[in-house]
Amino acid sequence: MEELLNQVFAGLATGGIYASVALALVMIYQATQLVNFAQGEMAMFSTYIAWALIQAGVPYWGAFFLTVGFSFLLGVAIQFLLLQRIRGQPVLALVVVFIGLLVIFNSLAGWIFTYTIKVFPSPFPAEPPFGQHYVSAHELGATAVTLVLIAVLWAFFRFTSLGLAMRAVAQNPVSSRLVGIRVGQMLALGWGLAAAVGSVAGMMAAPIVFLDPNMMSGILLYAFAAALLGGIDSPGGAVFGGFLVGVLENLLGAFVVGNELKLVFALSIIVGVLLVRPSGIFGSVQVTRV
Amino acid sequence: MRAIGSWHVPSLVALVAIACLLPFFISNYHVFQLTLVLVYAIALLGLNILTGYNGQISLGHGAFYAIGAYVAAILMDRFGVPYWLTVPVAGAVCLVVGFLFGLPALRLEGLYLALATFALGVSMPQLLKYKPFEPWTGGVQGIVIVKPDPPWHLPINPDQWLYFFSLGFAAAMFLLAWNLLRGRIGRALVAIRDHPIAASAMGVNTALYKSLAFGVSAMYTGIAGALGAIAVQFVAPDSFTILLSISLFVGIVVGGLGSIGGAIFGALFIEFVPNLADQISKAAPWAIYGVFLIGLVFLMPMGINWAIRLCWARIASYRRASSAQLRSPITVSAAPHRRSTGDAPCPPEAMS
């Protein structure tokens, strides 16, 4: 029973990280109908920037918000410089560009910061809170940060006119342009927000998995699984999917399959969801007419 | 597919002659590198059949390469099967596995198939390290293979023998692909890529051909994996990460999608660029891959093969225009028209 609770709480903690990355993926998918393969590497690169700032002496939360701002600008730049120009192209061209971005960010991080594993500090205290031993302070803090982030994004999209404009562009870009919304700017904003969300996920994950250029590839796979499971066009579904995948991964890893097949588990979720119910649990079913 | 032009046969003969004579003039290490170029060329040909000709994007072909390599290694090491038999067996195993993977892949389109194959590529090393499989796969340490000796007491060293062995397989696989793709099956594959609904309205059995393409493509990559394992003499799970799948993808994009000759350019690229760029920095090869990928999409979407063909076409049309000028002044006005058709890239939208 205690082991079960341990695994569930640990799963919820990592699930929060998967939920953040899945949320970034869903945001980009909703706006552009594209799956961003480079999301993990962008998050990892931002985390390295944060590490460099902290090494230079900037206090943690200062570095945190500076990095979020930097990632926002990075996302906007990628949308304006690259993706705007290849918007109408066939799928293969887009996949090539995303894989190119993935590879460039990975190698840039390795080149500038070397491949040695680094320790990333956590802003939360080391001893577990409230005297219990199921969750560490960092796991609890990371989950709290994820939930705050999701709440802020939800409020932004629901209550501000800018959020409304972005939702309009995601749903119907042609009509939005006719109404007077600058579609390119909204897409750039969407990319910037997604990159910022990804960087937060990276900074919350780094104290757990340690900072190295390949730290996000496994997490990215779980985030894909989470986004597909929850519904690739439903942000709430992505968050739910993230927590569910985190808990399932830990439970199956501890009691059923063993820790060595966790990635294969993510693969089977992805293939299973795509075959059985491609729209996920909360996503909308796409109907195309011939 | 273009018909064979008059300059094709002599240039092919020259190429084969160079390929046969080269190993006697260069060091053993370079012979080994050229063997790997042949191996990658076979793998890239397989991936090109699937992605370039049939339009199914696979980011996980490293998994089939790994399966081929491990089948060869296990047969040689655990069962004492002679090395030349393991390669066709690896191909047969991968044909079946690829076909079986292609069946559920029928339901996945474009980006989702890329996602599913990406997941396959990322999770393959973990599957290979799985403890219950260890008596077969050797776990994390992998399997070491003994280098085969040249048969019939030929006066060449083992590296050169492996090169000719791979060259023979490469020639056979290229011939097979050329024959497959220029006939009915090739046209069906391209039709499915360009407009699947129209193709199936015309009576093409889309499901069969798509799964078949997956199977054949996996067979090619499995044969390449087996040859690669014999050349490198070692298989281990961490040699077959997602980076291998991405390398193969880079290879076909750089070499030229929808072309057979492009496989060789792509193979040369992915074999020699890491060797040269490694001297700058460990990260440099991947940075170069990334820059090439993005640059190619904007500048040269159909790869090196198309660019070379374009140059040839331009040269040929200038030659035709100048010889037409010599023959009669009347045809000078026809020259600009011919020049413009010479400029058009040969197979349109190889990337659509």
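Readers should treat all values here as calculations from the given coordinates under stated rules, not as data from a laboratory. Keep in mind the model is a prediction, meaning the values are calculated, not measured. As a convention, Cβ positions derive from the backbone with ideal geometry for all residues, glycine included, and neighbour counts pool all protein chains shown.
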What residues qualify as long-range amide H neighbours of B:Phe234, i.e. H under 5 Å apart, gap of 5 or more or another chain, H built at 1.01 Å from N? B:Ile145
Cα coordinate range in region A:2-215, projected on the principal axes (Å, largest first): 58, 40, 34
Which of the lysines could a cross-linker bridge to B:Lys147, judged by Cα under 16 Å and excluding same-chain residues fewer than eight apart? none
Round to the nearest 10 and give me the degree value, 0 to 90, for the angle of helix A:91-113's Cα axis relative to the longest principal axis of chain A. 40
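Taking trypsin sites (Lys or Arg not before Pro) as exposed when DSSP calls them loop (any state but H, G, I, E, B) and at most 15 other Cβ atoms lie within 10 Å, what is the longest stretch of chain A free of them, the sites themselves excluded?
Working: sites that count: A:Arg87, A:Arg182, A:Arg289.
It works out to A:183-288.
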With springs only between Cα atoms under 10 Å apart, run a GNM on chain B and tell me which of B:Ile315, B:Ile252, B:Ile74 wobbles the most. B:Ile315
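Loop only by DSSP, 16 or fewer other Cβ within 10 Å of the Cβ. Give me the chymotrypsin sites (Phe, Trp or Tyr not before Pro) in region B:284-318 that pass, ordered by residue number.
Loop-located and lightly packed - none at all.
How about region B:94-135: which chymotrypsin sites (Phe, Trp or Tyr not before Pro) there lie in a loop by DSSP and see at most 10 other Cβ atoms within 10 Å? Kindly include the intermediate steps, with their values, before the conclusion.
On the way: sites: B:Phe99, B:Phe101, B:Tyr112, B:Phe118, B:Tyr130, B:Phe133; in loops: B:Tyr130.
Of the chymotrypsin sites (Phe, Trp or Tyr not before Pro), not one in the loops of region B:94-135 has a Cβ with at most 10 other Cβ atoms within 10 Å.
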Span-like helices, chain B: DSSP H, alpha-carbon axial extent 18 Å or more, mean Kyte-Doolittle 0.5 or greater, which ones? B:8-21, B:28-48, B:62-78, B:83-105, B:110-129, B:158-181, B:206-232, B:242-255, B:262-277, B:284-299
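Let me make sure I get this right: for region B:26-286, a, b and c are the square roots of the gyration tensor eigenvalues over alpha carbons, sorted descending. Under 1.5 in a/c it's rounded, otherwise prolate if a/b > b/c, else oblate. Which is it?
It comes out prolate by the Cα gyration axes.
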Helix A:39-55: angle to the longest alpha-carbon principal axis of chain A, degrees 0 to 90, nearest 10? 60
Nearest 10 degrees, 0 to 90: helix A:60-81 Cα axis against chain A principal axis: 30
Filtering chymotrypsin sites (Phe, Trp or Tyr not before Pro) in region A:202-290 by DSSP loop and by at most 13 other Cβ atoms within 10 Å leaves A:Phe210
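Within chain B, what is the longest stretch that has no trypsin sites (Lys or Arg not before Pro) placed in a DSSP loop and near at most 15 other beta-carbon atoms within 10 Å?
Numbers: sites that count: B:Arg2, B:Arg107, B:Arg182, B:Lys282.
Answer from the scan: B:3-106.
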Average the reciprocal distances over every distinct pair of alpha-carbons in the protein assembly as shown, invert the result, and give the Kirkwood radius in Å. 26.3
Gap separating the Cα centres of region A:26-82 and region B:36-98, nearest whole Å: 38
Run lengths n ≥ 4 of DSSP H only: what is the helix-derived mean residue ellipticity at 222 nm for chain A, with -39500 (n - 2.57) per run over all residues, to the nearest 500? -24500 deg cm²/dmol
